[in-house]
Amino acid sequence: MSRLILEPYPVRGPVDRRPLFFGGAAAAVLALFLIAPGDIASKTHIALHGLCAQRPSHSLQIGGSTLPMDARMTGIYIGAAAALIWLIAARRLRSTRAPSLPVLVVLASFVLALALDGFNALLVDLRLPSLYEPSNFLRLVTGVLAGTSLGVALGHLFASSIWMRSTRHQAVVTRPVELLVPISLSAATAALALLNVPLVYASFAVGLLVAAVGVFWLLGLVVLALLSNRGWSCRTWSDLVPLALTSLVAAIAVVSALASLRFAAERLIGLPKLT
């Protein structure tokens, strides 16, 4: 008779619940914000008051309500969020190779387009000769382009500062044509804002707040990692959770502090409201 050899079941290690805890904490903060007294428009305007001039004439209107960020800043955060979402989907947040010169030139041209449009708008405000008449559409477009550059830069900075083992042979963006993906995503999102559908206002207002906190969170995560000697030490996404939680608290605190400082300055100095 042949002997029957039973293979033991593999022993599984304990389940790491830290990512679930992080996701739950972030969801709880957002839920508390949504159920707090006040409507979405007023709460998001207050929360983002320190990050944007919030000039009604420079902002998009959706269903008669003004978005909590002007058109240029709206475009920037849409572009940055779309770029980061694409980098996550493409699994590029471990890629640390420097982008090629053509990619850098394209990204730099996006930032220059924003600077040119902003300088032209400044000339109009100063009643000086300008190149063209500013518009919220151009502010939104140039903001999206510059935001794409910001998202790519944050992705590269994150990948280059966090991982113990990174993908050194690949850049976050390998060819300029790849940028069409996040730009197309941003364009579709921006077009939805321009359609002026009242039902999407809350999604845009809250989305801008989440995107703004997200940018500060990601930048803060890198800074905290380097300052605490945790840079280039993470092997898995789970290893990021303690830093990520700390950075999330710091990002919310910074955004809140900036809003509080602007409100205080307006009250103490009597700054006029922008139109």
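Let me see the pair-distance distribution of the range 179-275: every alpha carbon pair, 5 Å bin width, integer percents in order.
2, 10, 13, 14, 13, 16, 15, 9, 5, 2, 0
In Å, what Kirkwood hydrodynamic radius results for the range 103-206 from the alpha-carbon pair distances?
By the Kirkwood definition, the hydrodynamic radius is 16.0 Å.
Could you list M73, M164 so that the one with the fewest beta carbons within 10 Å of its beta carbon is first and the one with the most is last? Walk me through the numbers before you get to the answer.
Working: M73 25, M164 11.
Ranking M73, M164 by Cβ neighbours within 10 Å, fewest first, gives M164, M73.
Mind checking the alpha-carbon convex hull of the chain and giving the volume per residue in Å³? Don't skip to the end; give the middle numbers.
Working: hull volume 55.8 nm³, N = 275.
Cα convex hull per residue, to the nearest whole number: 203 Å³.
Lys and Arg at +1, Asp and Glu at -1: add these up for the other residues within a Cβ distance under 15 Å of L67 and post the number. Numbers along the way, then the final one.
On the way: positive: K43, R55, R72, R139; negative: D39, D70.
Taking every other residue near L67 into account, the sum is +2.
Give the order of R262, R139 when sorted by the count of other beta carbons within 10 angstrom, beginning with the fewest. Write down the numbers at each step before the final one.
Values: R262 17, R139 24.
Result, fewest neighbours first: R262, R139.
Applying 1/(1 + (r/R0)^6) with R0 = 45 Å to the Cβ-Cβ distance of F137 and H169, what FRET efficiency is obtained, to the nearest 0.05? Spell out each step's value before the answer.
Details: r = 40 Å, r/R0 = 0.89.
Calculated transfer efficiency: 0.65.
Would you kindly compute the Cα radius of gyration of the range 45-170 and its largest Cα-Cα separation (Dmax), both in Å?
Looking at the range 45-170, its Cα Rg and Dmax stand at 17.0, 54 Å.
Give the residues of the range 109-130 whose amide nitrogen is closer than 13 Å to a point set 7 Å from the Cα of A53 in the direction of its Cβ.
Inside the label zone: 117-127.
Run the simple label-point estimate for A27 and L261 please: 7 Å along Cα→C-beta, distance reported in nm.
3.4
Using a 10 Å cut-off around each Cβ, can you sort Y77, Y201, Y132 from fewest to most neighbouring Cβ atoms? Intermediate results must be reported in sequence, preceding the final value.
Values: Y77 27, Y201 22, Y132 10.
Going from least to most buried by this count: Y132, Y201, Y77.
Mean Kyte-Doolittle of at least 0.0 plus a Cα span of 24 Å or more along the axis: flag which DSSP H helices in the chain meet both, please.
Working: long enough: 18-35 (25 Å, 1.91); 71-89 (27 Å, 1.58); 101-125 (36 Å, 2.04); 136-162 (37 Å, 1.27); 201-227 (39 Å, 2.44); 241-269 (41 Å, 1.68).
What comes out of the filter, once short or polar helices are dropped, is 18-35, 71-89, 101-125, 136-162, 201-227, 241-269.
Bear in mind that the values in this text are calculations on the coordinates, not laboratory data. All figures in this text were calculated on a predicted structure; none of them were measured in a lab. When we count neighbours, we look across all protein chains shown, and the Cβ atoms used for this are built from the backbone with ideal geometry, even at glycine.
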